[in-house]
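Here is the structure we will look at.
The values are calculated or read from the model by the stated rules, or taken from the named source; none is laboratory data. Quantities reported herein were computed from a predicted structural model and do not represent experimental measurements. Here the Cβ is made from the backbone with ideal geometry for all residues, glycine too, and neighbour counts use every protein chain on show.
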2 protein chains.
Amino acid sequence: MTYRFGFLVFPNIQQLDLTGPYEVFASAQDSAVHLVWKDKNPVRSVTGISFTPDVDFDDSPQFDVLCIPGGGGVNALLGDEEVLEFIRSQAKGARFITSVCTGSLVLGAAGLLKGKRAATHWNAMDFLPHFGATPVHERVVKDGNLITAGGVTSGIDFGLSLLAELMGREEAEIVQLSLEYAPAPPFHSGTPQEASPDILDKAKGRIARSRQERERLVGQIA
Amino acid sequence: MTYRFGFLVFPNIQQLDLTGPYEVFASAQDSAVHLVWKDKNPVRSVTGISFTPDVDFDDSPQFDVLCIPGGGGVNALLGDEEVLEFIRSQAKGARFITSVCTGSLVLGAAGLLKGKRAATHWNAMDFLPHFGATPVHERVVKDGNLITAGGVTSGIDFGLSLLAELMGREEAEIVQLSLEYAPAPPFHSGTPQEASPDILDKAKGRIARSRQERERLVGQIA
């Protein structure tokens, strides 16, 4: 059997939220990975790379795994009924409904986080209760068939976990070895707990405007 | 000052070799990241995502950092004089000449590894001496202004190291926090040493054909 993975792509997506787990899934045997959006025109990510959807909402197959990446562009999706309805309709038939980074807020806006444990980027954790979810500070959080990952690079850890769940641990370990995933970060600054207060302030400062807009939008929904 | 990063893109590139360090560089302040190839038509990566170059060999600026990702498509570059000449010409003016995964073999074919310490994917280490390089089993290897990374995901570690070198450690730590890079692989299978012999055999089996072709090509050059 071939497992069908579908990643939502959208303007101002955070590309590594997508490309990390995409590479994991697409490196497995018996997988087909799709990029899906409203239409098939290229969409530009936050940092510049463009992605071309290969299916649109109308011709999309039912995915076994639906994944919503995050990024600044999430803000525009929170009130986009066409997107939320597509997600709800896929969620009915998918084996796993998943997200990376702030993609979980879109799942929340679609009503899929109610009563669930969930993760998101460290700078968005406080939004989760607005959607009825319990925030969990882990890289990969599984609650039934909902799997949500933490910020950006946690998508790789999520990808391998899900692969093991779907295809067995052996397949996940083969892919991990192929991608030489034995990370060795040169610094210890990957979480608000590890980073110095000064680094934390500066990192928050850079995304303050997007966060401010997000506060307003989430407030409107809740 | 704005630092200019140039990634070579090509048919059958391994996308995460590119997208990992791209996201690191592009998330920094004062950076401009370009995708460069012979022409500006989209190129398809091994696992499916297409990338559209924004500059070609003729209109490319001089990069501060030139980076060659790896992938199955590396084989076709090893004897491609147009590509090798572009790399040599950029290398003359670049502050850093870099690679991820099997991209170092292309640097080798361009004659840029002679007498240097270098890294590559674990399954390509034995090719390095053919280009006059000393293989080093580390995620990031620096020898003068040459920086070569190990397989695929080591590109993220490489990106952060280089960012610190260019812009200072503070900038690298801010980016690391933004990308929530505190990896937690669910399994211990990321290197041939960590993986079980059975997983190693299977991972090798999947890339055996590409490796066989590569042996022939490297033999012709050496």
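Brief remarks follow.
- Those residues of the range B:45-61 which are touching a residue at least 12 places away in the same chain (Cβ under 8 Å) and either farther than 20 Å from B:Glu23 by Cβ or among the β-branched types (Val, Ile, Thr) (or both), in sequence order: B:Val46, B:Thr47, B:Ile49, B:Thr52, B:Val55, B:Asp56, B:Phe57, B:Ser60, B:Pro61
- Test: A:Leu107 is in contact (Cβ under 8 Å) with a residue 40 or more places away in the chain, more than 14 Å from every other protein chain (Cβ to nearest Cβ) and not basic (Lys, Arg): yes
- Subset tally (residues that are without any contact (Cβ under 8 Å) to a residue 60 or more places away in the chain and of a type in the set (A, V, I, L, M, F, W, C)) for the range A:62-85: 2
- Subset of the range B:179-216 [within 21 Å of A:Ala26 (Cα to Cα) and of a type in the set (Phe, Trp, Tyr)]: B:Phe187
- Criterion violated by A:Val106 - all others in (1) under 30 Å from B:His34 (Cβ atoms); (2) part of a helix (DSSP H, G or I) satisfied: (1)
- Pick from the range B:143-161, criterion crowded, with 19+ Cβ neighbours inside 10 Å and more than 13 Å from the chain's Cα centre (by Cα), ranking: farthest from B:Gly108 (Cα to Cα): B:Leu160
- Selection within the range A:89-103 - over 9 Å from the mean Cα position of the chain (by Cα) and part of a helix (DSSP H, G or I): A:Ser89, A:Gln90, A:Ala91, A:Lys92, A:Gly93
- Residue count, the range B:33-56 (criterion: hydrophobic (A, V, I, L, M, F, W, C) and more than 18 Å from the chain's Cα centre (by Cα)): 1
- Of all residues in the range A:1-14, those satisfying the criterion of being touching a residue at least 40 places away in the same chain (Cβ under 8 Å) and either crowded, with 23+ Cβ neighbours inside 10 Å or over 18 Å from B:His34 (Cα atoms) (or both) are A:Tyr3, A:Arg4, A:Phe5, A:Gly6, A:Phe7, A:Leu8, A:Val9, A:Phe10, A:Pro11, A:Ile13, A:Gln14.
- The set of residues in the range A:36-69 that are closer than 29 Å to A:Met1 by Cα, buried (at least 23 other Cβ atoms within 10 Å of the Cβ) and not β-branched (Val, Ile, Thr) comprises A:Trp37, A:Phe51, A:Phe63, A:Leu66, A:Cys67, A:Pro69.
- Looking across B:Phe96, B:Phe86, one residue alone is more than 24 Å from B:Glu213 (Cβ to Cβ), of a type in the set (Phe, Trp, Tyr) and modelled with pLDDT of 95 or more. It is B:Phe96.
- Looking across the range B:11-69, the residues that are within 13 Å of another protein chain (Cβ to nearest Cβ) and aromatic (Phe, Trp, Tyr) come down to B:Tyr22, B:Phe25, B:Phe51.
- Total residues in the range A:48-67, condition among the aromatic types (Phe, Trp, Tyr) and not in a loop (DSSP other than H, G, I, E, B): 1
- Under the condition of being over 17 Å from A:Asp39 (Cα atoms), assigned to a helix (DSSP H, G or I) and over 15 Å from the mean Cα position of the chain (by Cα), the residues counted in the range A:74-88 number 1.
- A:Ala91, sole failed condition from (1) touching a Lys or Arg at 6+ places or on another chain (Cβ under 7 Å); (2) surrounded by fewer than 20 Cβ atoms within 10 Å (Cβ to Cβ): (1)
- First in the range B:113-133 and over 14 Å from B:Gly103 (Cβ atoms), second anywhere and of a type in the set (Ser, Thr, Tyr), Cβ under 7 Å, 6 or more apart: B:Arg117/B:Thr134; B:Trp122/B:Thr191
- Helices (runs of 4 or more DSSP H) enclosed by the range B:168-222 - at least 1 residues per element that are more than 7 Å from chain A (Cβ to nearest Cβ) and farther than 30 Å from A:Ile207 by Cβ: B:197-206, B:208-221
- Criterion: within 9 Å of A:Val100 (Cα to Cα) and of a type in the set (A, V, I, L, M, F, W, C) - qualifying residue of A:Val152, A:Val141: A:Val152
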